[in-house]
Each structure stands twice: as structure tokens, then as C-alpha cells.
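The values are calculated or read from the model by the stated rules, or taken from the named source; none is laboratory data. Because the structure is a prediction, the values reported are computed rather than measured. Every residue, glycine as well, gets a Cβ built from its backbone with ideal geometry; the counts of neighbours run over all protein chains shown.
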Amino acid sequence: MLKYQVVYASRTGNTQKIAAKIFETLPGTSKDIQKVEEAGKEADVYFVGFWNDKGTCSGSIMDYLSELHGRKVALFGTCGMGGSREYFDQVAHRVEALIPDDNEYLGAFLCCGKMPGQVLERYKMMQEVEDSPRIRKMIQVYEEGMLHPDEADLDKAARFTREVLEKLQKA
């Protein structure tokens, strides 16, 4: 059985970048990294990554989490909208609620990520109909997200991974 399994779903490559950094930070050789469609369930500790899909994770991650039992689980994810800690916490709590109760939850790390181009196209079409402060803010957040995940986000993901490892050593 593997010690660590990094499992992720990534729509635009953002979550895959964070997954790679977490995998790189994990010690030893008893570890694996897989897309959720290819991942098994033979590890002690899971780092499960997702892209924010309407305030939660994608269906493939929901299904994967529901099948984990008796394991230690940490979450990570990327969110195109919003860079506020409060929003990240809301998303993390929604996804955490999907983890079966017989698992040990180890915490979550979320950061901003770029969104697909179709999102900007949709925002600009909305702006043509009604140019409101809300729509301008959505476009601004989209543009700011194009810079993420950046090196600071990757450093924070590595720090999160080390914190989870410290928590496991104390247990």
C-alpha cells in the first residue's frame, strides 16, 4: 500500500500545477499522483484536488471522495472566482462535507486559478447588455486570475503539505 496518493481533477491545468507541487513536497518514494479517472484507492493518506465548480467540486471528485473509507484526507483546489479567504473557506467546507465520516480530515488549501476563455466571453456579452459595477468586477477578477496559480500559490501549497505532514507526525 502507498503512503501518499495525490488525486486531482483539472479542467484548465491549474489544479494539476498544485497537485504536482504537493507531490514534489511529499517525502520518500511511497507516493503516486494520478488524475481522478485513473486513481486507485490503496494509500494511507490522500491529497484530493479539485477545480471549483459552482462553489463545490466536480462530480468525478464527489464520486471519488464518497468511495474513500478509513483514510486520512486533505483537500486542495483552485477557484477562478474570488480570492477571499471567506469564499475559499465556504468552498472547502462544502467539499469537506462530502468526505465520509470514517475518514480523518486533515484540512484544505485553496488558491486562485485562471478560468477558461469562454468565461470572459460570457462576461463581455453580459456587459454589452448591462455594463454594471458587478460585471466589471467579474471581468477584473477574471483578469487577475490569469496570473494564478503563481509561485506564491505554489509555495503556499508546499507549506500546506508540510503542515499536514507535521499534523500526521504528532498524531
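Check M115 against each of (1) farther than 15 Å from T56 by Cα; (2) surrounded by 17 or more Cβ atoms within 10 Å (Cβ to Cβ); (3) modelled with pLDDT of 95 or more and name the one condition it does not meet.
(3)
Of the residues in the stretch 1-14, how many are part of a loop (DSSP other than H, G, I, E, B) and either surrounded by fewer than 19 Cβ atoms within 10 Å (Cβ to Cβ) or among the hydroxyl-bearing types (S, T, Y) (or both)?
Residues meeting the conditions: 5.
When you scan the stretch 125-142, how many residues do you find that are of a type outside the set (V, I, T) and surrounded by 13 or more Cβ atoms within 10 Å (Cβ to Cβ)?
The total comes to 4.
Need the failing condition index for E151 against (1) under 13 Å from I18 (Cβ atoms); (2) modelled with pLDDT under 90; (3) not polar (S, T, N, Q), just the number.
Result: E151 passes all but (2).
Taking R71 as meeting all but one of (1) at pLDDT 95 or above; (2) within 19 Å of L154 (Cβ to Cβ); (3) touching an Asp or Glu at 6+ places or on another chain (Cβ under 8 Å), write down the number of the exception.
With respect to (1) at pLDDT 95 or above; (2) within 19 Å of L154 (Cβ to Cβ); (3) touching an Asp or Glu at 6+ places or on another chain (Cβ under 8 Å), R71 is out only on (2).
Any idea how many residues of the stretch 113-137 are touching a residue at least 24 places away in the same chain (Cβ under 8 Å) and either on the phi > 0 side of the Ramachandran plot or outside any loop (DSSP other than H, G, I, E, B) (or both)?
Selection size over the stretch 113-137: 1.
To keep it simple, each residue is scored yes or no on (1) within 14 Å of K21 (Cα to Cα); (2) touching a strand residue (DSSP E or B) at 6+ places or on another chain (Cβ under 9 Å).
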| residue | (1), (2) |
| --- | --- |
| P116 | no, no |
| I135 | no, no |
| M146 | no, no |
| D155 | yes, no |
| L168 | no, yes |
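Take A108 and decide whether it is free of Cβ contacts under 8 Å to residues at least 60 places away in the same chain, part of a strand (DSSP E or B) and either within 22 Å of G80 (Cβ to Cβ) or in contact with a Gly (Cβ under 7 Å, 6 or more places away or on another chain) (or both).
Considered against the rule, which asks whether it is free of Cβ contacts under 8 Å to residues at least 60 places away in the same chain, part of a strand (DSSP E or B) and either within 22 Å of G80 (Cβ to Cβ) or in contact with a Gly (Cβ under 7 Å, 6 or more places away or on another chain) (or both), A108 comes out as yes.
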